[in-house]
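Engineer: Okay, handing you the structure first.
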Amino acid sequence: MADSITPNAISTIIQNPSPDSSSETPQIVVQVVDLKPVGNRFTFNASDGKMKLKATLPSNMSSEVNLGNLQNLGLVRILDYTLNVLLKTQEKCLIVTKCEVVTAALKIEVGNDVEEETGIVLKPKHEVGIILKPKQEVVAKSANEILHEQNGNAAPAARMAMTRRVNPLVSLNPYQGNWTIKVRVTNKGTLRSYKNARGEGHVFNVELTDEDGTQIQATMFKEAAEKFYNKFEMGKVYYISRGVLKVANKQFKTVQNDYEMTLNENSEVEEVKGEVTSIPEAKFNFVPIDQLGPYVNGKELVDVIGVVQSVSQSLSIRRKSNNDTIPKRDITIADESKKTVVVSLWNDLATGVGQELLDIADSSPVVAIKSLKVGDFQGVSLSALSRSIVLVNPDLPESKKLSSWYNSEGRGASMDSVGSGVISASPKNGLRSMYSDRVCLTHITSNPSLGENKPEYFSVKACVSYIKPDQAMWYRACKQCNKKVTEAIGSGYWCEGCQKNDEECSLRYIMVMKVSDPTGETWFSVFNEQAEKIIGCTADELDKMKQDGNGSSYQLKLKEATWATHLFRVTVKQNEYMNEKRQRIAVGAQSSIDFAAESRFLLEEISKL
């Protein structure tokens, strides 16, 4: 049987933009023109010899194109489709959701004068509906015949699924009517309570992924949240319909999609059972550790992958908001950038997967973590959220590559904390590069009004010129939460934060030191992490030196710390003492001199002269 292009196929599609089911889809054969890859799909112009329409092939046809079964100028029979209108350009786009190859390729494009769909139809030079005889005769079947054969051979569950019209996520828009999607739950948030001017209730979010890897966030409020919270389970696949789409709020969106979905109590959610699906379990967009700086204190969440360097014991942290105690565990990871970062796990992640990592830490496992908040503790730090996902030794190409690198060269490489170098470029939080906002000391000390209205942030290159040996350099701290403790009645130490007694406590630095540069000198307030780097030992070790003998080793240790040059990131603000405002300069970050980076900085400054 000969195969022919359906006359006026494009007009037929435009007149019937969204057929209700595959059985109602008219039999349409079009020619594939200008076939080209875009991501994991192929786009083309659908031509009937008279008009053209921009179109996208379904993802399962990519293999047909790669094998050469479908080529440019070939013929396809469209079995199911959706016609969308792009918001910005109002241009029509055909999303083909099911089709079959009729002919791999013809020698010519049918119709010499073919007009793209603009509402004006030109008369073609050649008669449309022309019969084309390929070299090998192909038995043509209608869409109904194909569906009938497939339904007859399919299992009962599969036959039910094939009668259901499924839309890819990429085809959805707020102006679409009825649609059904087939998606996997790749992330599920906790059920939260809220109270505002419009009322109170519960809310939770899920992240959904379809077989093309496209993601969308769905939110449920009040009755819908209570109805669907237990129904949605991580990793399971569902049919979802009767939801509402709107433009995504960039402030709260967690996936790369221009739209977000809201499900109400009338929405339909049905678990997919007895069907083979190719929907990915989770989709990661990994950010290398040395590129976390721009995300510090931002609203965008990040995914990271790294080799576990160390795992801490679980700690109990008391929340300020409600005084509840929650478990916390820190893990340190590294990647091929030879930078490390601390990730804080909370609640079930701390006691579950955190304990698993502690047990296998000696084997240097690889962890992939999704949806982390980037903070400024110790320069750059990561914190897990309720929606975060932690995978240990995941079956991912990035994991295998990272493990191979670590076993070959990373294990013996020198690692630096990402917080000691370039941090965030946001002018709002002050945590910028050690080479930005560089000033001399007199710029700060000669302007006593600096920091009067709000904190000011600067970078300074200076050396420690003097450390008072008789000052109170440390305080007694709780080993669990690092807050100040007091001597308890009888024995031990009382922590107000943890609300308990401990037999032992630790010492943490809180001190002042004089710093100097070629323009002058001033006093800096320095805290534990930075002071340990400057002095070269912990407060407990320095206290032991002070107690031993005549304290000569204590004096020597302080002397060794002086006249060493450092880069400081400082905060300048006004404090009131005895009804008098005084300027206070506190060190927020410290690093040693990187001579290569310092040379580049100086050359750049010279070029500006």
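Engineer: Please give the charge dipole size of the stretch 332-416, origin at the Cα centre, charges +1 on K and R Cβ atoms and -1 on D and E Cβ atoms. Round to the nearest 20 debye.
Structural biologist: The calculation lands at about 220 debye.
Engineer: On to the next question. Distance from a point 7 Å along Cα→Cβ of Ala413 to each backbone N in the stretch 274-292: keep the residues under 18 Å and list them by number.
Structural biologist: Zone members listed by number: 286-292.
Engineer: Using the Kirkwood radius over C-alpha pairs as Rh, can you work out the diffusion coefficient of the stretch 201-298 via Stokes-Einstein at 20 °C, viscosity 1.002 mPa s, in µm² per second?
Structural biologist: Details: Rh = 15.1 Å.
Diffusion coefficient, whole number: 142 µm²/s.
Engineer: At a Förster radius of 51 Å, what calculated FRET efficiency corresponds to the Cβ-Cβ distance of Gln499 and Tyr577, to the nearest 0.05?
Structural biologist: 0.95
Engineer: What order do Thr209, Thr254, Thr445 take when sorted by accessible area (1.4 Å probe), most exposed first? Intermediate results must be reported in sequence, preceding the final value.
Structural biologist: Details: Thr209 0, Thr254 35, Thr445 60 Å².
Largest to smallest exposure gives the sequence Thr445, Thr254, Thr209.
Engineer: Let me ask another. So what is the diffusion coefficient of the stretch 282-347 in µm² per second by Stokes-Einstein at 25 °C and 0.890 mPa s, using a Kirkwood Rh over Cα pairs?
Structural biologist: So the translational diffusion coefficient is about 180 µm²/s.
Engineer: Just add up the charged neighbours of Ser386: K/R +1, D/E -1, any other residue whose Cβ is under 13 Å from the Cβ of Ser386.
Structural biologist: +3
Engineer: The stretch 179-226: percent of C-alpha pairs farther apart than 13 Å?
Structural biologist: Summing the P(r) tail past 13 Å for the stretch 179-226 gives 61 percent.
Engineer: Ok, one more. So which of Lys339/Lys468; Lys484/Lys533; Lys370/Lys454; Lys188/Lys246; Lys338/Lys608; Lys461/Lys533 end up more than 23 Å apart, counting from Cα to Cα?
Structural biologist: In this structure, Lys339/Lys468; Lys370/Lys454; Lys338/Lys608 exceed 23 Å between Cα atoms.
Engineer: Show the residues, 5+ positions off or on another chain, whose built amide H is closer than 5 Å to the amide H of Met513.
Structural biologist: Here Phe524, Val526 satisfy the definition.
Engineer: What number, in nm² with one decimal, is the all-direction average of the projected area of the convex hull of the alpha-carbon atoms of the stretch 510-609?
Structural biologist: So the Cα hull casts an average projection of 9.0 nm².
Engineer: What are the semi-axes of the equivalent ellipsoid of the stretch 313-354, taken as the square roots of 5 times the eigenvalues of the Cα gyration tensor, listed largest first and rounded to whole Å?
Structural biologist: The equivalent ellipsoid of the stretch 313-354 has semi-axes of 25, 11, 7 Å.
Engineer: Same structure again: Mind checking the dipole of the stretch 191-335: about its Cα centre, +1 per Lys or Arg Cβ, -1 per Asp or Glu Cβ, Debye to the nearest 20?
Structural biologist: Magnitude of the dipole: close to 900 debye.
Engineer: Sorted by average packing, counted as other Cβ atoms within 10 angstrom per residue and highest first, what order do 166-176, 368-378 take?
Structural biologist: Values: 166-176: 17.5, 368-378: 20.0.
With the highest mean Cβ count within 10 Å placed first, the list reads 368-378, 166-176.
Engineer: Can you give me the distance in nm between label points at Thr565 and Lys236, each placed 7 Å from the Cα along the Cα-to-Cβ direction?
Structural biologist: 6.4
The values are calculated or read from the model by the stated rules, or taken from the named source; none is laboratory data. Since we're looking at a predicted model, the values are computed, not measured. Reconstructed Cβ throughout: ideal geometry from the backbone, glycine too, with neighbour counts over all protein chains shown. For accessibility, only protein heavy atoms count, side chains too; no ligands or nucleic acids. Shrake-Rupley method; radii C 1.70, N 1.55, O 1.52, S 1.80 Å.
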